[in-house]
Amino acid sequence: MPITAANAVLAKSRAMYGKRLTPQNIKDLVNCHNVSEVAAYLKSKTRYAKALLNIEEGTVHRGQLENALRVKLFEDFASLCRYEMSRGDAFSEYAIIKGEIEQILHFLRLMMSGKPEEYIFFLPVFFAGRTSVDLYALSKVRTPKQFFSSMSGSRFGKALAPYAKDDKVEFTAIEQVLYHYLYKYLWRLIEHKATGREKKELKELIGMRIDLLNFAHIYRLKRYFNMSPDEIKPFVFNTSQYLISAKILNSMIDAKTSDDVMEILLGKTFYKKYLDILDYTYVDSFVNRAAYRISKKCIRFSTFPSVVMLSYIFLLETETEDVIKIIEGVRYKLPPEEILSLISSGGMTSVRREGGS
C-alpha cells in the first residue's frame, strides 16, 4: 500500500477510535435507572445519536435498543470496510466475513424469538451486494430448513451442512462454526499476505485472542457443563496456538476441574502477566478485558494499517457488547458496581473472581 494511503487508513481508524465511549460515559450509563434513561443518554451524549434517531426514549424496550446498536456496529464495519476496499487492503475481507456472521446471528436471534420477518428492516444496503450470503433471501426465511438452504451457496455452506439434518437451529453450535471459519480465514490471510514486523504484530493480536477464547471455552465447559475432554475438543479453535502450545492446550482440555484450567493458564503461560485483572466476577470478563488491553495497545502503537484496522474492529465489538451488558444490567436493577464488573472497556477492578476461587 502506498505510504499516503496507509497514512489515511491509520488516520481514519484512529479518528473513529477517538469517538469511543469515555470512562465518564460508562459511569453515567451504569447509573441510569431504566432502559429509557440509557437510550436518552446514548442518543444525546454519545456517537450513537444518529443510530438511535428514530428511537423513542419513553417507549423503547431492550430488544429495540440492542438491535439498533448491532445495526450501528454493522454500519461502522461497512464504513471502514468501504474505505479499506478502495485501497485494495486484503484484510478488509475480514470485516466482510465478520459482518456476514453478525447478520446471520442477528437473523437467528430474531427467528428464535418468533420475529424473522423483522430482519428486512435491518437489511444493510452496502453489504447486500458484497457478501457470499444472499441477505435478501435470508430475509424471506421462516424455518430452520429454509435457513440452511439459504446458507448452502454461501462461504459457510459446507461448514454448516452437518447441522442441517434436523429441522431445528442449534444457535451455539452455529455460532461456534461461523467463528471457527472466521479465525481460520484470518490466520491463513496472515500467513500468506503479511511479512516481517506486520506479520509478527498480526499474529500477536489474533493469536492472543484465539488463546484467550480457547481458555474461556474450556474453563466454562468444565465449570458449568462438566464436559469430558472429547466433548470439549469441538469447541476449541485449532487454527493456531500462539503463546499457549498444543501441549498446554491439551493439558487444559484434560484437566479435571475449571480451577485446574485456571492454574495451568497462570502457571505455565505468558498470560500470568494479566493476573492484575483477574479480580472479576466472571471469567469472560477477564478474557475480554485482556483482549481489550491487547487491542488498545496495538491501535496506539502499531504503524501497520491492517493491525490498526483490526484492533479498532475488535475494540468496537467490545464497546457494543459492553453497552448491551449495561442495558441488561440496568433493566434487571443490578447495582452499578456489579454492572461495571461485567464489562471489558472500563470499570472496576476490585470485584472477586468467579466462584470465589
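The values are calculated or read from the model by the stated rules, or taken from the named source; none is laboratory data. Small disclaimer: the values here were computed from a predicted structure and weren't measured. Cβ placement follows ideal geometry from the backbone for every residue including glycine, while neighbour counts extend to all protein chains displayed.
For the stretch 165-220, give me each residue that is of a type in the set (A, V, I, L, M, F, W, C) and over 28 Å from M151 (Cα atoms). I'd like the intermediate steps shown before the answer.
Applying the first criterion (of a type in the set (A, V, I, L, M, F, W, C)) to the stretch 165-220 yields 169, 171, 173-174, 177-178, 182, 186-187, 189-190, 194, 202, 205-206, 208, 210, 212-213, 215-216, 218.
Answer for the stretch 165-220, where residues must be of a type in the set (A, V, I, L, M, F, W, C) and over 28 Å from M151 (Cα atoms): A194, L202, L205, M208, L212, F215, A216, I218.
Whenever a residue of the stretch 105-125 is more than 14 Å from E175 (Cβ to Cβ), its partners that are surrounded by fewer than 15 Cβ atoms within 10 Å (Cβ to Cβ), lying with C-beta atoms within less than 6 angstrom and at least six residues away or across chains, give the pairs P116/R142.
Restricted to the stretch 213-253, and to residues there that are among the polar types (S, T, N, Q) and under 20 Å from I174 (Cα atoms), the residue that is nearest to the chain's Cα centre (by Cα) is N214.
Of the residues making up the stretch 54-65, at least one is on the phi < 0 side of the Ramachandran plot, assigned to a helix (DSSP H, G or I) and at pLDDT below 80. Report, by residue number, each residue of the stretch 289-311 that is more than 12 Å from the chain's Cα centre (by Cα) and closer than 15 Å to L21 by Cα. Within the stretch 289-311, just K296 meets the criteria.
Only a single criterion out of (1) in contact (Cβ under 8 Å) with a residue 24 or more places away in the chain; (2) over 21 Å from the mean Cα position of the chain (by Cα) is not satisfied by S152, namely (1). Just so you know, in the stretch 1-39 the residues that are modelled with pLDDT of 90 or more and either more than 24 Å from S344 (Cβ to Cβ) or in contact with a Phe, Trp or Tyr (Cβ under 7 Å, 6 or more places away or on another chain) (or both) include one that is surrounded by the fewest Cβ atoms within 10 Å (Cβ to Cβ), and it is D28. Exactly one residue among I218, I232, I253 is closer than 24 Å to Y292 by Cβ and surrounded by 13 or more Cβ atoms within 10 Å (Cβ to Cβ), and that residue is I218.
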